[in-house]
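Visitor: My structure is below; once you've seen it, I'll send some questions.
Just so you know, all these numbers are worked out from the coordinates, no wet-lab data involved. Just so it is clear, the model here is predicted, and its values are computed rather than measured. So basically every Cβ, Gly included, is an ideal-geometry build from the backbone, and we count neighbours across all protein chains shown.
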């Protein structure tokens, strides 16, 4: 787990602000779900045999309750829709952002407490919503100025089609069982599709020769996938069909996608998701189609840093230099009045005393455009010194009641 320091926060705020404006412009509404849920929710939603549930969840007991820090947000949103009676044929476009928790090996852009943007569209059965969500993610990269990403796309078909494919896959891997690594042998018993997602280079040849899921799709899923591909082509979004893309969670059906990058080492996925048409019914709600994705905030922040797209922190507009006991008592009143009169401006006041030279050093270091000088002599005469810090100009005086207008004129000039 890691700290986000003040020197880094501007990049986070830039990303979060861009995301908020974008998803809102597409008609998505924010919601917030608990960080802690009942453990059984994730076991049912994600699948007990997945790596997330079997190896990575932070779970604990409080009395007779078994609880888990959320490893992802989709299950919690589905639970919230059911428990709050929000279904009944309704359609929802939802998003949330916040911390998730998985006990996995920390790597570049991946921590055990990490943050995700989660976007869900619930109640939409057709490929048009799949295309819109992918188009929205493509627009996000353009807005952020990130270019080192590629879209991978696949269809997992219906659960029925996948069961038939699973039998073929198990038979194939059993015929090569002696060459499987330990992880693949474990997955063979519970979730053989995850073998296709193995990063072990020694498994590459076996996986490359395995049966291909897209060749065993049901007709309806094939039609859905073809329509999605045509829509993406029509709006100029480049994609690569990857028949080995299966995602790590059991609830996915039909469309799955990943945006990947070559800039973060082994952790190449920065945004991924897909359809989960059976999840809500599986959790006890009405049968409801849905699609969503999650984007790793830390990973995208790292991409912004690498692309030098990090915005500089906004400096104060005015730094207030204070000199003298009476001035110290009056400066806070003057600063608060200026904040009321100029709410769009930023004021930073010297606190804790210090010699005038040291205070001007802090003013310069702050990046402020102006310094206001409030000393006992100025207060006695009802004026303040005004000194531009970013241009060659001397200090002048201004009556204290006229400071707001003087500051605004000086900064705009």
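Visitor: Out of 203, 57, 100, any idea which swings most in a Gaussian network model of the chain, alpha carbons joined below 10 Å?
Guide: Top of the fluctuation ranking is 203.
Visitor: Using the number of other C-beta atoms within 10 angstrom as an exposure proxy, rank 54, 175, 155 with the fewest first.
Guide: Least crowded to most crowded, the residues run 175, 54, 155.
Visitor: Once every DSSP H run of n ≥ 4 in the chain is given -39500 (n - 2.57) and the sum is divided by its residues, what mean residue ellipticity at 222 nm do you get, rounded to the nearest 500 deg cm²/dmol?
Guide: The helix contribution divided over the chain gives -12000 deg cm²/dmol.
Visitor: At a 10 Å Cβ-Cβ cut-off, how would you order 298, 205, 132, fewest neighbours first?
Guide: The fewest-first ordering by Cβ neighbours comes to 205, 132, 298.
Visitor: Pop the C-beta distance of residue 230 and residue 21 into the FRET formula with R0 = 22 Å and round what comes out to the nearest 0.05.
Guide: The computed FRET efficiency comes out at 0.15.
Visitor: Under a 10 Å cutoff between Cα atoms, tell me which one of 231, 358, 272 has the largest fluctuation in the Gaussian network model of the chain.
Guide: Maximum among the listed residues: 358.
Visitor: Quick one: among 180, 69, 151, which has the greatest mean-square fluctuation in a GNM of the chain with alpha-carbon springs under 10 angstrom?
Guide: Evaluated over the chain, the most mobile residue of the options is 180.
Visitor: On to the next question. Please compute, for the alpha-carbon atoms of segment 318-408, the extent along each of the three principal axes and give them in descending order in Å.
Guide: 28, 27, 22
Visitor: Quick one: helix 325-341 against the long Cα principal axis of the chain, what's the angle to the nearest 10°, folded into 0 to 90?
Guide: Its long axis makes an angle of about 50 degrees.
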